[in-house]
Amino acid sequence: MTTPRTFVLAGHRGNMAAAPENTLLSFASAESVGADEIELDVQLTRDGALVVIHDRTVERTAATSTPHLQTPIEDLTLEQIRRVDLGQGQRIPTLDEVLDSTTALLRVEIKALAAARPLAALLNQRPEHDQARCIVTSFSSLSLADFVAASPGLPRGVGLHVPDSDSNWRDEVNRIGASTVLMPFRALTRDLVDEIHQDGRRVEASLIEGPADVRTILELDVDASASNAPGYARDLLKASDEFTSRFPSFVERSPVQVIATL
């Protein structure tokens, strides 16, 4: 890897410590506490809208009762989804709304195969600065292959989530041309991170939940991480002299400066 290094801190579904996950309020809060990137999830409605929600249903995240608690997102229209109250005045946003209301980097995770090509079409229609701040990820290499086939290519590329290092993930990463490999801390070793770096790829490992995770980031030498409480995570990272020495640009920078160094 080249120096100086750039470390990216993501707010996992925004700032879940302060607002309902995957909402405009959560994303605004993540930006306000200094998250470099916002991690979010996209699925496709019955009428073809790309909406930002993690689960296949709203049962876990709905703040009030709704007739559609257990109805899959793909069986609901955008109008029906808009009626779901997530708390604190928040509704399920569309991806277009998120792009319009944020300036941070975005990590867009495809949660359903059907969303891959519509996502490519949407991003193809967005301004270049929006394309430049997005990386598209998924646990499904099929979803990423579909996205790549329909997209002219994003500057930040695509990333494959790898829950288990014993799988055939290397073949999948090579096949889709992933720029980033995303793994949990427990699945990584320093040798494996070095191997991925030598192949010219970045490594993201999560989640940051306490001081021990900062030590793990330094021991593994990863390039990015995420947190449910990005303000707290940022304070932990900035308090580490070893971390700020390795990633000096982390202390004070704008989203534009982060994009320029990736």
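The values are calculated or read from the model by the stated rules, or taken from the named source; none is laboratory data. Remember, predicted model here, so these are calculated numbers, not experimental data. As a convention, Cβ positions derive from the backbone with ideal geometry for all residues, glycine included, and neighbour counts pool all protein chains shown. Calculation scope for accessible area: heavy atoms of the full protein, side chains included, ligands and nucleic acids excluded. Shrake-Rupley method; radii C 1.70, N 1.55, O 1.52, S 1.80 Å.
For the reader, a short list of remarks on this structure follows.
- Subset of region 207-258 [in a helix (DSSP H, G or I), farther than 26 Å from Leu192 by Cβ, modelled with pLDDT under 95 and open to solvent by less than 50 Å² (accessible area, probe 1.4 Å)]: Pro255
- Take the conditions (1) over 30 Å from Glu242 (Cβ atoms); (2) outside any helix (DSSP H, G or I); (3) open to solvent by 10 Å² or more (accessible area, probe 1.4 Å); Arg5 misses just one of them, which is (1).
- Note on region 186-199: residues that are surrounded by fewer than 18 Cβ atoms within 10 Å (Cβ to Cβ) and touching a helix residue (DSSP H, G or I) at 6+ places or on another chain (Cβ under 6 Å) amount to 1.
- Output for region 195-206, where each listed residue is of a type in the set (Lys, Arg) and in a helix (DSSP H, G or I): none
- Residue list for region 82-95, filter: touching a helix residue (DSSP H, G or I) at 6+ places or on another chain (Cβ under 7 Å) and outside any loop (DSSP other than H, G, I, E, B): Leu95
- For region 49-81, the set of residues classified as within 23 Å of the chain's Cα centre (by Cα) and outside any loop (DSSP other than H, G, I, E, B) consists of Leu50, Val51, Val52, Ile73, Glu74, Leu78, Ile81, listed by residue number.
- Cβ pairs under 9 Å, 6+ apart, first in region 65-87 and at positive phi, second of a type outside the set (Lys, Arg) and buried (at least 17 other Cβ atoms within 10 Å of the Cβ): Gly87/Ala19; Gly87/Pro20; Gly87/Thr23; Gly87/Thr61; Gly87/Ala62
- Answer residue from region 193-250, given it is of a type in the set (S, T, N, Q) and touching a residue at least 24 places away in the same chain (Cβ under 8 Å) and is farthest from Asp36 (Cα to Cα) among those: Thr216
- Among residues of region 45-65, those that are in contact with a helix residue (DSSP H, G or I) (Cβ under 9 Å, 6 or more places away or on another chain) and either open to solvent by 40 Å² or more (accessible area, probe 1.4 Å) or of a type outside the set (Gly, Ala, Ser) (or both), counted: 12
- Counted residues, region 22-44 - those being in a loop (DSSP other than H, G, I, E, B) and crowded, with 23+ Cβ neighbours inside 10 Å: 4
- Within region 150-160, no residue satisfies the criterion of being surrounded by fewer than 15 Cβ atoms within 10 Å (Cβ to Cβ) and either among the polar types (S, T, N, Q) or in a strand (DSSP E or B) (or both).
- Top-ranked residue of region 71-97 - restricted to ones that are closer than 22 Å to Ala226 by Cα and among the hydrophobic types (A, V, I, L, M, F, W, C), ranked as surrounded by the fewest Cβ atoms within 10 Å (Cβ to Cβ): Leu95
Quick grid of which residues meet (1) closer than 21 Å to Thr45 by Cα; (2) open to solvent by less than 30 Å² (accessible area, probe 1.4 Å):
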site	(1), (2)
Leu99	yes, yes
Val108	yes, yes
Lys111	yes, no
Ala121	yes, no
Glu128	no, no
Ala132	no, yes
Phe139	yes, no
Phe147	yes, yes
Val162	no, yes
